[in-house]
Amino acid sequence: MDNDGEWLLLERVLEWMIIVSVGSIVVSAWLLIPPILRPTVIAYPWRMPESHSYRERDKTRTVVLAGSFNPPHYGHLAMLEYLSKRYKQVIVVIGINPNKTYAVTPAQRVELLRKMLQVKKIDKNIRVEVYAGYIWRYARQQGATIFFRGIRSWERDGKEERSLQILNTWGPLVCGPFVWPLPTIFLEGKPEYNHISSTLIRDLTKDIAGKESEHVEQSLQDLVPPEVAKELSELYSKEAKKAS
């Protein structure tokens, strides 16, 4: 083949590469933009699939629930109990931002959550891990098929969650590279726990720092299991004093 023929072949290959790349982008956008505009939200009461085949399918799946859990509380535990009943394995992932300094480390929060799960006897098929990096990448490595995010409601938390959903949707395609993203499902909180937030607990621990054990447990009794209330209070009040 002469030089002109080689250049012609190369041009054709490049043209097809461009066409395929542009086509892939268009198809990806067509498939992935609708879930961002109309996210999948599971509202309370949380139900199991009506179809027996769907229930059996879910029992073979591994799912990931990501969050800061700073600290974990009854709202988180309610979600995890539901997920543990529905799926084969639930992996709770506490991410690490290398540019951020944590008063209570992710490792300490992992231990708190593990103790809460043991107390509530829902730790059989739930793992709690810390991961530094893209959580979608870790989820793929663990064979997860669904990425869950816990929210109070879409109206209250949707604006912040949408940016994370975009990252988890387009991140795998851009940084993977060309890794198809896991579907993201938002799990709305159980209404009786929607008044609870990690911020509320952190503020309370500042106010009850140094108080008697009975007073601590009473203040936190509706927010976290009493078996870990004192440990949680001591951990967060100690770090609050350091920060001040």
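Taken together, the values in this text are just the output of simple stated rules run on the coordinates, not laboratory data. All values derive from a computational prediction rather than experimental measurement. Ideal geometry is used to build each Cβ from the backbone, glycine not excepted, and the neighbour counts take in all protein chains shown.
Which FRET efficiency value, to the nearest 0.05, do you get for D207 and K85 by plugging their Cβ-Cβ distance into 1/(1 + (r/R0)^6) with R0 = 35 Å?
Calculated transfer efficiency: 0.45.
Given the pairs K85/K124; K206/K230; K120/K190; K159/K206; K59/K124; K59/K85, which span a C-alpha to C-alpha distance of over 19 angstrom in this model?
Values: K85/K124 10 Å; K206/K230 13 Å; K120/K190 16 Å; K159/K206 29 Å; K59/K124 14 Å; K59/K85 9 Å.
Correct reply: K159/K206.
Apply 1/(1 + (r/R0)^6) to the Cβ-Cβ distance of Q118 and I185, taking R0 = 25 Å, and write down the FRET efficiency to the nearest 0.05. Show your work: numbers first, answer last.
Numbers: r = 26 Å, r/R0 = 1.05.
The value I calculate is 0.45.
Gaussian network model of the chain, Cα springs within a sub-10 Å range: biggest mean-square fluctuation belongs to which of R12, R156, R38?
Greatest mean-square fluctuation among the candidates belongs to R12.
Modelled label-to-label distance, I19 and N97, 7 Å Cα→beta-carbon offset: nm?
4.6
Considering the dipole of the chain built from charges on the beta carbon (Lys and Arg +1, Asp and Glu -1) around the Cα centre, which of L182, V93, I33 is farthest to its positive end?
Of the listed residues, the answer is V93.
Rounded to the nearest 500, what is the chain's calculated 222 nm mean residue ellipticity when only DSSP H runs of at least 4 contribute -39500 (n - 2.57) each, over all residues?
Mean residue ellipticity at 222 nm (helix-derived): -18000 deg cm²/dmol.
Run the dipole for the chain about the Cα centre, Lys and Arg Cβ at +1, Asp and Glu Cβ at -1, nothing else charged, and hand back the magnitude in debye, nearest 20.
Taking the Cα centre of the chain as origin, the dipole is about 720 debye.
By how many nm would the segment from W30 to W46 lengthen if fully extended, with 0.36 nm per residue of separation less the alpha-carbon distance?
Numbers: separation 16, 0.36 × 16 = 5.76 nm, distance 2.96 nm.
Result: 2.8 nm gained on full extension.
Which distance in nm do the two modelled labels at T199 and R127 give, with both placed 7 Å along the Cα-to-Cβ direction?
3.3
Can you tell me how much longer the chain between R12 and R156 gets when fully stretched, taken as 0.36 nm per residue apart minus their C-alpha distance, in nm with one decimal?
46.7 nm
Using 7 Å Cα-to-Cβ label points, what is the R137/Q218 separation (nm, one decimal)?
Each label point lies 7 Å from its Cα, and together they span 5.0 nm.
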